[in-house]
2 protein chains.
Amino acid sequence: MKIVESAPNFSEGRREEIVREIIAQAEGVKEVWILDWSMDPDHNRSVVTLVGAPEPLIEVLFKMTKKAMELIDMRVHKGEHPRMGATDVIPLVPVMNITMEECIELSKKLGKRIGEDLGIPVFLYEKSASASHRENLSEIRKGEFEGFFEKIKDPLWKPDFGPAQVHPTAGVTAVGAREYLIAFNVNLGTNRIEIAEKIAKAVRHISGGYRYVKAIAVDLKEKGIVQVSMNMTNYKKSPLFRVFETIKREAERYGVPVIGSEIIGMVPIQAMLEVAQFYLQIDDFNVNRIIETKILEILAKKLEGEEK
Amino acid sequence: MKIVESAPNFSEGRREEIVREIIAQAEGVKEVWILDWSMDPDHNRSVVTLVGAPEPLIEVLFKMTKKAMELIDMRVHKGEHPRMGATDVIPLVPVMNITMEECIELSKKLGKRIGEDLGIPVFLYEKSASASHRENLSEIRKGEFEGFFEKIKDPLWKPDFGPAQVHPTAGVTAVGAREYLIAFNVNLGTNRIEIAEKIAKAVRHISGGYRYVKAIAVDLKEKGIVQVSMNMTNYKKSPLFRVFETIKREAERYGVPVIGSEIIGMVPIQAMLEVAQFYLQIDDFNVNRIIETKILEILAKKLEGEEK
């Protein structure tokens with residue numbers, strides 16, 4: 001069974017009844033499961049985490065986008081997070097038995113439908129991007145909903161699908177395939193923020209560090225410590241253990257210990273297995289050697305058989 | 001969904017048609033899945049690895065035991081491995097959503113049925129043992145099939161279920177709940193076997209090491225290295241990372257590097273997660289934060305719903 005994950009962002013984080021109506025599009029659908037959802041009133045934004053078989057999942061994502069278009073009016077939307085559409089962004093992440101290439105194809109199929117059937121301009125981002133300046137979501141989002149009425153006229157920002165004009169109430173939407181993003185924070189045994197800043201700088205891509213690491217320094221005042229807070233955008237190529245070891249070594253230079261780390265949210269088994277393999281110096285290991293993964297494979301096959 | 005694992009051992013490792021007839025008892029049964037099976041002609045013994053929901057699984061194990069009784073005659077059995085019955089041993093291992101206590105209850109239920117319906121004496125072992133001298137399987141096995149005709153008369157070795165006399169062709173069987181056993185080997189960058197012997201001694205329970213570790217030194221002559229070869233009998237209480245770190249430190253004393261390690265066969269996700277958590281210094285993590293485990297939970301619930 002192929003499994004894809006998606007965590008679409010909707011520009012509504014205050015009126016629960018509206019978020020629930022959007023989520024209702026995913027409920028009870030065969031081969032699509034809701035893992036989690038949350039509303040953030042400050043950002044006025046909600047995130048729904050779904051997993052499912054490829055085709056049923058993009059069907060559900062289309063319906064959710066349509067419902068968000070009907071219920072959210074970007075002209076009156078206020079919130080702290082940069083945003084550009086009622087459905088702001090739809091990532092597609094390969095989880096099991098599916099390649100990145102297949103997820104790119106799915107993102108194009110979904111984007112085309114949103115553009116053509118709903119009249120919402122769609123920008124492909126990350127691995128699906130049609131040009132390098134469109135890979136980074138924050139580059140696409142620049143100017144936000146209000147600025148897009150001008151931005152979209154620039155040939156550089158012609159949408160990949162749908163009309164070359166902003167949908168009056170639903171704005172524009174980004175759709176793209178990407179690797180699973182892991183939020184990984186490392187706590188330092190000091191309250192000196194400048195040390196966390198130097199270490200964040202050492203590991204993050206933008207200032208010369210690991211290619212798939214975004215990092216900032218955070219002051220955890222109530223705990224009296226500082227933190228290197230990271231987004232790991234490709235744990236396969238910039239793995240957790242390597243970044244962690246670099247942070248430990250850099251901290252040592254300042255006589256500061258690493259006192260712990262944390263992973264926020266869900267994480268693919270492969271990311272944790274790679275950590276275990278590195279430290280135990282295991283060369284040859286494979287996710288199919290995990291009992292639970294093997295059972296999952298058997299159950300998925302069983303379900304597939306029953307549903308055909 | 002509750003999932004239990006079992007790897008029953010049968011005293012036949014040469015005639016494939018007989019092993020296949022025993023395995024056939026497990027095929028196509030709802031909520032029971034065969035993960036693996038293998039025959040060992042030298043030991044004249046086969047092992048079948050099954051997972052399943054508790055009740056269907058013990059039903060299958062009973063049928064396999066019955067079939068082995070019908071097809072295997074211990075009076076003519078020869079093989080290198082110590083053995084005492086056609087079905088030699090049936091372990092029950094908690095894998096998912098089930099406690100050790102529930103597995104102990106299951107082992108008693110299965111043992112009672114084998115004893116009463118098949119007339120085979122059953123000894124409960126490991127966590128299910130009715131006395132401490134019966135916990136260790138090799139203590140029960142001592143004397144093997146041939147010696148049991150005398151041994152069973154000793155009140156200390158009265159079986160837990162079934163008649164106090166050896167089944168004439170099927171011998172006696174051990175049934176018990178235990179933790180998952182992990183075969184874990186650590187390779188040393190030397191060919192000096194005495195160093196592997198000293199380190200094996202340092203970590204194994206019997207000579208003062210970790211409570212749930214059995215270890216021997218192995219000479220891998222073709223590779224020109226030596227190995228500490230271990231059975232980890234309770235990875236929850238004597239975890240892989242702690243034993244690995246001890247081995248690394250002891251090897252250092254002799255100026256010998258650890259050059260790799262390996263895990264043989266399947267492993268529960270929890271064992272690997274604990275390794276990752278230790279090295280990344282993550283305090284608070286839980287198997288439900290793994291995407292694949294969450295999907296497994298959802299699929300299992302779905303199947304349960306459909307089958308009720």
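Key figures for this structure:
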item: Sole residue being over 15 Å from A:Asp88 (Cα atoms) and not aromatic (Phe, Trp, Tyr), chosen from A:Pro121, A:Pro163, A:Pro168; result: A:Pro163
item: Qualifying residue in the range A:136-147 (condition: among the basic types (Lys, Arg) and crowded, with 19+ Cβ neighbours inside 10 Å); result: yes
item: Residues of the range B:189-224 classified as farther than 19 Å from B:Arg249 by Cβ and in contact with a Gly (Cβ under 9 Å, 6 or more places away or on another chain), total; result: 1
item: Sole exception among (1) aliphatic (A, V, I, L, M); (2) in contact with a helix residue (DSSP H, G or I) (Cβ under 8 Å, 6 or more places away or on another chain); (3) more than 14 Å from chain B (Cβ to nearest Cβ); (4) more than 26 Å from A:Ser128 (Cβ to Cβ) for A:Leu220, by number; result: (2)
item: Test result for A:Val122, assigned by TED's automatic domain parsing to the domain that holds A:Pro257 and touching a residue at least 40 places away in the same chain (Cβ under 8 Å); result: no
item: Tally of residues being over 30 Å from B:Gly260 (Cβ atoms) and not charged (D, E, K, R) across the range B:150-208; result: 22
item: Residues of the range B:76-131 satisfying the condition of being open to solvent by 10 Å² or more (accessible area, probe 1.4 Å) and within 14 Å of chain A (Cβ to nearest Cβ); result: B:Pro94, B:Val95, B:Met96, B:Asn97, B:Ile98
item: Filter result for B:Met39 (among the aliphatic types (A, V, I, L, M) and in contact (Cβ under 8 Å) with a residue 60 or more places away in the chain); result: no
item: Positions within the range B:1-19 being more than 21 Å from the chain's Cα centre (by Cα) and among the basic types (Lys, Arg), in sequence order; result: B:Arg14, B:Arg15
item: Residues of the range B:249-308 that turn out to be of a type in the set (Phe, Trp, Tyr) and in a helix (DSSP H, G or I), as a count; result: 2
item: Test: residue in the range B:279-290 that is surrounded by 20 or more Cβ atoms within 10 Å (Cβ to Cβ), modelled with pLDDT under 95 and at the interface with chain A (Cβ under 7 Å from one of its Cβ atoms); result: yes
item: Residues of the range A:207-258 classified as basic (Lys, Arg) and within 25 Å of the chain's Cα centre (by Cα), total; result: 5
item: Members of the range A:162-174 that are closer than 30 Å to A:Thr99 by Cβ, in contact with a Pro (Cβ under 8 Å, 6 or more places away or on another chain) and not in a loop (DSSP other than H, G, I, E, B); result: A:Thr173
item: Selection from the range A:191-247 of residues that are surrounded by 16 or more Cβ atoms within 10 Å (Cβ to Cβ), of a type in the set (Ser, Thr, Tyr) and part of a helix (DSSP H, G or I); result: A:Thr246
item: Number of positions in the range A:141-160 that are without any contact (Cβ under 8 Å) to a residue 60 or more places away in the chain, in contact with a helix residue (DSSP H, G or I) (Cβ under 6 Å, 6 or more places away or on another chain) and under 21 Å from A:Asp73 (Cα atoms); result: 2
item: Given (1) closer than 30 Å to B:Val287 by Cα; (2) at pLDDT 95 or above; (3) within 17 Å of the chain's Cα centre (by Cα), number of the condition B:Met96 does not satisfy; result: (2)
item: Set A:Ser107, A:Ser132, A:Ser128: member being more than 16 Å from the chain's Cα centre (by Cα), among the polar types (S, T, N, Q), more than 14 Å from A:Gly13 (Cβ to Cβ) and at pLDDT 95 or above; result: A:Ser132
item: Criterion (modelled with pLDDT under 95 and within 13 Å of another protein chain (Cβ to nearest Cβ)) met by exactly one of B:Ala300, B:Ala251, B:Ala276; result: B:Ala300
item: Failed item in (1) over 16 Å from A:Val122 (Cα atoms); (2) open to solvent by 10 Å² or more (accessible area, probe 1.4 Å); (3) touching a residue at least 12 places away in the same chain (Cβ under 8 Å), with A:Ala26 passing the rest; result: (2)
item: Odd one out for A:Ser229 among (1) at the interface with another protein chain (Cβ under 8 Å from one of its Cβ atoms); (2) over 23 Å from B:Phe244 (Cβ atoms); (3) among the polar types (S, T, N, Q); result: (1)
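The values are calculated or read from the model by the stated rules, or taken from the named source; none is laboratory data. Note that the coordinates shown come from a computational prediction; the quantities given were computed from them, not determined experimentally. Please note: Cβ atoms are built from the backbone with ideal geometry, for glycine as well, and neighbour counts cover all protein chains shown. SASA here: full protein model, heavy atoms, side chains in, ligands and nucleic acids out. Shrake-Rupley method; radii C 1.70, N 1.55, O 1.52, S 1.80 Å.
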